[in-house]
Each structure stands twice: as structure tokens, then as C-alpha cells.
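A.B. asks: Below is a structure I'd like to ask you about.
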Amino acid sequence: MYSFSIPTDDPEAFYAELAEAADALTAGEPDTIANMANVSALIWQAMPRLNWAGFYRMIDGELVLGPFQGKAACIRIAIGKGVCGTAAADATTQLVDDVHAFPGHIACDADSRSELVVPIMCDGAVIAVLDLDSPEPGRFAPADARGIEQVVARIAARLA
Ligand code: SME
């Protein structure tokens, strides 16, 4: 059994502990899907005010839905389309305070109001993105973006 209880009051401490937990969950496990499944569950459990948390994998030049928590979602996203496709195309984190104001946003869950998408890099290439959605406008701060970047950078090789 895995049991994580991570206090959320201080973002720096929160993301340091989240990275530790993600590292512990994936250590020694070579299966990408198993690792993405457990990391999406960990984030879902640890981070308040989310309505979707999961991965899209880069497969044959497009993003394909991977392990996630939340409502069933769109399966394939072209590179450059939506928030996820933009993160993958530019290899940069996308922090969107109001998804309705993001040109081309793909609405998978009508409840989503803000979104954070972090590209996952391995050997200089985007191999996946981690997508977090919230029903709360402006849910994600720059500290959340930096924190999630640290988490995925730490375990990127285990997600490839
Ligand atoms: N909103 C995303 C699509 C994925 S869902 O939110 C799970 C986008 O615009 O890329």
C-alpha cells in the first residue's frame, strides 16, 4: 500500500515532497504506463481543486491520451492544437488562467476553467505532456508551474 499525505500550505515544500513521492513510486519500474498511472493518481490525491490530471503521450507525431484521473477525455490531439498541443509544439509550459480565453482550447470537460500543461522532455525531445485542469479560474500560479516542472523532470526517464 502507498500512503502519501502532503501538506499544501507552502508551495516549495509541497512540490519537493511531491517530487520525492513521485520518485519513490516510480523507482525501479520500467513500465511507462504503470508509472504514468501512479503519478496521475498521486497528483490527483495530493493537489486540491483539480478536475482532471493526466498524461498525453507523443506517438507517431501526435498526442495520444495516456493514464489520467477525471472524466473521459479526447483521445488524440494534433501538435500545435489546444493547450496540450501548444505545450508539445513549443516544448514550453502553458499556464492558462482562463481556458475560454485561450485560442483553440480543446474542451474535454466543460467544468475546466484553468489549465497547466508541462512538457516532459527526454534526450531533448518532448515524449509526453502532463495536463492538469481545474474548475477554478486562475487555480495555477507560477509556483505551481515550476513545481510540476521539477516533478516531471525528476522522473522523465521513467515516463519514456
Ligand atoms: N484542454 C486540453 C485538452 C485535454 S483535456 O483538458 C483533458 C487542451 O486544450 O489541449
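The values are calculated or read from the model by the stated rules, or taken from the named source; none is laboratory data. Being a predicted model, the structure only gives us computed values, none of them experimental. Neighbour counts are summed over all protein chains in view; Cβ atoms, including those assigned to glycine, are modelled from backbone coordinates with ideal geometry. Note: accessible area is taken over every heavy atom of the protein model, side chains too, but ligands, DNA and RNA are not part of it. Shrake-Rupley method; radii C 1.70, N 1.55, O 1.52, S 1.80 Å.
A.B. asks: Residue 113 - would you say it is in contact (Cβ under 8 Å) with a residue 60 or more places away in the chain, surrounded by 15 or more Cβ atoms within 10 Å (Cβ to Cβ) and within 14 Å of the ligand (Cβ to nearest atom)?
C.D. replies: No, not satisfied.
A.B. asks: Let me ask something else about it. Hey, any hits in region 120-138 for a residue that's among the β-branched types (Val, Ile, Thr), out of contact with any His (no Cβ under 8 Å at 6 or more places or on another chain) and assigned to a loop (DSSP other than H, G, I, E, B)?
C.D. replies: No, region 120-138 has no match at all.
A.B. asks: Ok, one more. Scan region 76-95 for residues that are within 10 Å of the ligand (Cβ to nearest atom) and either open to solvent by less than 20 Å² (accessible area, probe 1.4 Å) or β-branched (Val, Ile, Thr) (or both) and report the count.
C.D. replies: Residues that pass the stated criteria total 8.
A.B. asks: Pairs only if they're at least six apart or on different chains, beta carbon under 7 angstrom, first in region 72-88 and among the polar types (S, T, N, Q), second more than 9 Å from the ligand (Cβ to nearest atom); list them, first residue then second.
C.D. replies: Hits for this filter: 86/80.
A.B. asks: Something else now. Of everything in region 108-119, what is over 13 Å from residue 56 (Cβ atoms) and in a loop (DSSP other than H, G, I, E, B)? Give them in sequence order.
C.D. replies: Matches in region 108-119: 109, 110, 111, 112, 113.
A.B. asks: While we're here: Based on this model, can you work out whether residue 128 counts as in contact with a Lys or Arg (Cβ under 8 Å, 6 or more places away or on another chain) and away from the ligand (no atom under 11 Å from the Cβ)?
C.D. replies: Considered against the rule, which asks whether it is in contact with a Lys or Arg (Cβ under 8 Å, 6 or more places away or on another chain) and away from the ligand (no atom under 11 Å from the Cβ), residue 128 comes out as yes.
A.B. asks: Are there any pairs, at least 6 apart or on different chains, whose C-beta atoms fall under 6 Å, with the first in region 47-62 and at negative phi and the second part of a loop (DSSP other than H, G, I, E, B) and away from the ligand (no atom under 12 Å from the Cβ), and if so, which?
C.D. replies: If the second residue must be part of a loop (DSSP other than H, G, I, E, B) and away from the ligand (no atom under 12 Å from the Cβ), no pairs are left.
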